[in-house]
Amino acid sequence: MDPTEGSMVRILAAMTRVFSGIQPTGQKHLGNYIGAIRHWPAYQDLGEAIYCVVDLHSISVPYDASTLRENTLDTAATLMAAGLDPGRCTIFAQSSVPEHSEGAWLLGALATFGELSRMTQFKEKSEGQASVSVDLFTYPVLQAADILLYDTDKVPVGDDQRQHLELARDIAQRFNSRYGELLKLPEAAIPGTGGRVMDLQEPTRKMSTTGGTPQGTLLLTDPADVVTRKIRSAVTDSGREVRRRGEGKEGIANLIEILAIATDRTAEDVEASYDGAGYGQFKADVAEAVEAMIGPVRQRYLELRADEGHLLQVLSMGAERAQSLASRTVAEMKRRMGFV
Ligand code: AMP
Ligand code: TRP
């Protein structure tokens, strides 16, 4: 035996396992980037990082089958444009690894109707709809399977996923106490600044391609002039202080956080540097900083998206790696649960 092999195995086992997912719906926006995707590349060098385009989740609301494939490739290209390198991490489509659906069914036995009924995202997305799919209701169980199949330590997500992460932990704990210690309890990694980017037109709502306004949602594919226009026309307040706190300051607070992230400063620093300055200059600076941050991502996206063969190859390689890990967990879950 190679003398280094034993220690290599120990080192590999000690590495942090990171998993996160993103839906191939709509177009990805500044909130997705700031709250989640931007943080993902750093984990590539800390241990094993696994990123999943959650196409199964995306069919939980009405969708167009003829564009799902394109959207999945768009999303994979976006992740790579943001700095994920398929040589150093795993990128795959959820539907290519059937263990996700199987794991969700198994874990569904441990989740209750009551707790799923309390999920904020379910309540928001189902409210006022004439018809609500069963998949929308059980969505968080599939998400728990995504995470728990990979012995995940950390899940980098935006603030809106906090409740789903807590549920995943509860389900894992329940599995472990019923069937013996197996599933690792994952921790959410939610950014302190930028965990919830708000709509630029309606800053009391989070930025979203489904629940927000088109003018208030900055897409990662928006060209530079659109970026500038959307930020310059962001709703603020009738005051003139670049401050986060106070009545009606949601719009300004949102722009302060965005600028802080785009220029790698703290929100306090940004506030202090605009003491006495007007909104006009402030917004112009936000627009310029955001374009400097996402312009290169857009450029790389366009290049990567043009080579479908390469994207498909990345996804297929990723699915193979993911399945080799997930199948072990599902097999052990089934054994513990008493299946033949
Ligand atoms: P989704 O597009 O819903 O699959 O979300 C992908 C990731 O982006 C998740 O980690 C979300 O928590 C995050 N995210 C979505 N919208 C926002 C937002 N407005 N602000 C910050 N993070 C967000
Ligand atoms: N529900 C997440 C969202 O809407 C996407 C998601 C699915 C996810 N499975 C996941 C995120 C597993 C982290 C881990 O943003």
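The values are calculated or read from the model by the stated rules, or taken from the named source; none is laboratory data. On a predicted model such as this, the values are computed, not experimentally measured, just so you know. All Cβ positions, even for glycine, are placed from backbone atoms using ideal geometry, and neighbour counts span all protein chains on display.
Those residues that are crowded, with 18+ Cβ neighbours inside 10 Å and either among the acidic types (Asp, Glu) or not in a helix (DSSP H, G or I) (or both), I need them from segment 87-101; list them, please.
Cys89, Thr90, Ile91, Phe92, Ala93, Val97, Glu99
Can you pull out the helices (runs of 4 or more DSSP H) entirely within segment 211-286 that have at least 3 residues that are under 19 Å from Arg196 (Cβ atoms)?
Output list reads 250-262, 267-273.
In segment 183-190, is there at least one residue being part of a strand (DSSP E or B), among the acidic types (Asp, Glu) and under 16 Å from the mean Cα position of the chain (by Cα)?
Yes; the residues of segment 183-190 include at least one that is part of a strand (DSSP E or B), among the acidic types (Asp, Glu) and under 16 Å from the mean Cα position of the chain (by Cα).
Of all residues in segment 187-204, which are near ligand 1 (Cβ under 9 Å from one of its atoms) and touching an Asp or Glu at 6+ places or on another chain (Cβ under 6 Å)?
Ile190, Gly194, Gly195, Arg196 - these are the residues of segment 187-204 that are near ligand 1 (Cβ under 9 Å from one of its atoms) and touching an Asp or Glu at 6+ places or on another chain (Cβ under 6 Å).
Hey, among Ser233, Ser273, Ser238, which residue is exposed (fewer than 15 other Cβ atoms within 10 Å of the Cβ), assigned by TED's automatic domain parsing to the domain that holds Ala292 and closer than 17 Å to Val290 by Cα?
Ser233
Asp264 versus (1) on the phi < 0 side of the Ramachandran plot; (2) modelled with pLDDT of 95 or more: which is the lone unmet condition?
(1)
In this structure, does Gly180 turn out to be of a type outside the set (Asp, Glu), more than 13 Å from ligand 1 (Cβ to nearest atom) and either in contact (Cβ under 8 Å) with a residue 24 or more places away in the chain or not assigned by TED's automatic domain parsing to the domain that holds Ile50 (or both)?
yes
Here are Arg205, Arg244, Arg178, Arg232: which of them is in contact with a Lys or Arg (Cβ under 6 Å, 6 or more places away or on another chain) and away from ligand 2 (no atom under 15 Å from the Cβ)?
Result: Arg232 is the single residue among Arg205, Arg244, Arg178, Arg232 that is in contact with a Lys or Arg (Cβ under 6 Å, 6 or more places away or on another chain) and away from ligand 2 (no atom under 15 Å from the Cβ).
Would a scan of segment 202-216 turn up a residue that is more than 22 Å from the chain's Cα centre (by Cα) and surrounded by 22 or more Cβ atoms within 10 Å (Cβ to Cβ)?
No: segment 202-216 contains no residue that is more than 22 Å from the chain's Cα centre (by Cα) and surrounded by 22 or more Cβ atoms within 10 Å (Cβ to Cβ).
Is it the case that some residue within segment 68-89 is at positive phi and in contact (Cβ under 8 Å) with a residue 24 or more places away in the chain?
Scanning segment 68-89, I find at least one residue that is at positive phi and in contact (Cβ under 8 Å) with a residue 24 or more places away in the chain, so the answer is yes.
Among what's in segment 161-177 and is surrounded by fewer than 16 Cβ atoms within 10 Å (Cβ to Cβ) and without any contact (Cβ under 8 Å) to a residue 24 or more places away in the chain, pick the residue that is farthest from Lys230 (Cα to Cα).
Here the residue is Ser177.
Please determine whether any residue of segment 138-156 is closer than 26 Å to Ser126 by Cα, within 13 Å of ligand 1 (Cβ to nearest atom), hydroxyl-bearing (Ser, Thr, Tyr) and assigned by TED's automatic domain parsing to the domain that holds Ala322.
So far as segment 138-156 goes, yes, one or more of its residues are closer than 26 Å to Ser126 by Cα, within 13 Å of ligand 1 (Cβ to nearest atom), hydroxyl-bearing (Ser, Thr, Tyr) and assigned by TED's automatic domain parsing to the domain that holds Ala322.
For segment 23-69, name all the residues that are within 13 Å of the chain's Cα centre (by Cα), among the aliphatic types (A, V, I, L, M) and more than 10 Å from ligand 1 (Cβ to nearest atom).
Ile50
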